[in-house]
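Dropping the structure in here first, questions after.
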């Protein structure tokens, strides 16, 4: 048993080192004063020089703000469509077109991004030739393309949560005279809200760091932050990229911590309310 536990812990530690050692190294060298990314300047380091350079770079800051707007809008659209699709698959049983809907939801999860990006580009070109919309490629086409592939992930998350949903709560509300819309807004949505929030964060992250699909459907003036980073890395990694990645990592870590805390509070409140209702019934 001791050998098995030692082996398990060793594999776990190796896994963590493999995942997080490059990230720690990147953060460490973001405070390096040298222009050589992998050579530490022991005389003039650590320094915040590259963070100052980063926050003076208007191109990167503009692309970062554009990426945030695109990610927020596409995540919101994906949550609405993904939640409706998850409800349809989890609640309505067998209906005509269910198999087709299930396949269409699963396809973006396994389809290569190159195929998705090319198909979206051809679709937008065909629509522009037939209807005149959209007029070229830009922010709007990126948002629609991101919604298309990210809503599949939201659907899977919401459908998984609804699989363990206690339908008796909705039945009681309906028996008491509540309308289906009221039941959804007052009972169903608050209970599945942690899953909806998780789906939104997942869709936001997928849109935020997408490069392949964005390159197919973007146009002049719609260059996102991952596209700029990719173009800069192709010419060699510069120290300000380490600073940029470190800032992005900090933002993501804060969002994860806050969302986890918020979801935990919601679950604790829901459990407390359920216990209170049971105690009152007894």
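A short reminder: the numbers here are calculations on the coordinates, not readings from a lab. Computed from a predicted model, the values in this text were never measured in an experiment. Cβ sites come from the backbone with ideal geometry, for glycine too, and all protein chains shown count toward neighbours.
Under the Kirkwood approximation applied to all pairs of distinct alpha-carbon atoms, what is the hydrodynamic radius of the range 59-277 in Å?
About 19.5 Å for the range 59-277.
Oh, and also: In degrees, nearest 10, range 0 to 90: what is the angle between the Cα axis of helix 113-131 and the longest Cα principal axis of the chain?
80 degrees
Rounded to the nearest 0.05, what FRET efficiency do residue 178 and residue 103 give with R0 = 41 Å and r taken as the Cβ-Cβ distance? Could you check?
E(calc), rounded to 0.05, equals 0.75.
Moving on. Using all alpha carbons of the range 156-227, what is the percent of pairwise distances in each 5 Å bin, ordered from the shortest bin to the longest?
Per 5 Å bin, starting at 0, the Cα pair percentages come out as 3, 14, 18, 14, 11, 9, 8, 9, 7, 5, 2, 0.
Would you order 41, 166 from fewest to most other beta-carbon atoms within 10 Å of each residue's own beta-carbon?
With the sparsest Cβ surroundings first, the list reads 166, 41.
Between the range 1-31 and the range 150-229, what's the alpha-carbon centroid distance in Å?
After rounding, the separation between the Cα centres reads 33 Å.
Could I have the simple spin-label model distance between residue 53 and residue 212, label points 7 Å from Cα toward Cβ, reported in nm to one decimal?
3.2 nm
By counting other Cβ atoms within 10 Å of each Cβ, how are 213, 251, 142, 68 ranked from fewest to most?
Neighbour counts put them in this order, fewest first: 251, 68, 213, 142.
Which one of 44, 33, 57 has the biggest mean-square fluctuation once the chain is modelled by GNM with Cα springs under 10 Å?
44
Sort 128-136, 168-176 by packing, meaning the average of other beta carbons within 10 Å per residue, with the highest value first.
Sorting 128-136, 168-176 by mean packing, highest first, produces 168-176, 128-136.
Connecting C-alpha atoms closer than 10 Å in a GNM of the chain, tell me which of 211, 11, 39 has the biggest fluctuation.
Comparing 211, 11, 39 in a Gaussian network model of the chain, the most mobile one is 11.
Would you compute, from DSSP H runs of 4+ residues alone, the mean residue ellipticity of the chain at 222 nm, taking -39500 (n - 2.57) per run and dividing by the full residue count, rounded to the nearest 500?
Here the helix-only value at 222 nm equals -26000 deg cm²/dmol.
Could you order peptides 146-154, 14-22 by the average number of other Cβ atoms within 10 Å of their residues, highest first?
146-154, 14-22
With no solvent and one equal point scatterer placed on each C-alpha of the range 204-249, evaluate the Debye formula and give log10 I(q)/I(0) for q = 0.14 Å⁻¹, two decimals.
-0.36
With a cut-off of 8 Å between alpha carbons and a minimum separation of six or more residues, what is the relative contact order of the chain in percent?
That works out to 30 percent.
If each residue of separation counts as 0.36 nm, what is the full-extension length gain between residue 271 and residue 189 once their alpha-carbon separation is subtracted?
In short, 27.9 nm is gained.
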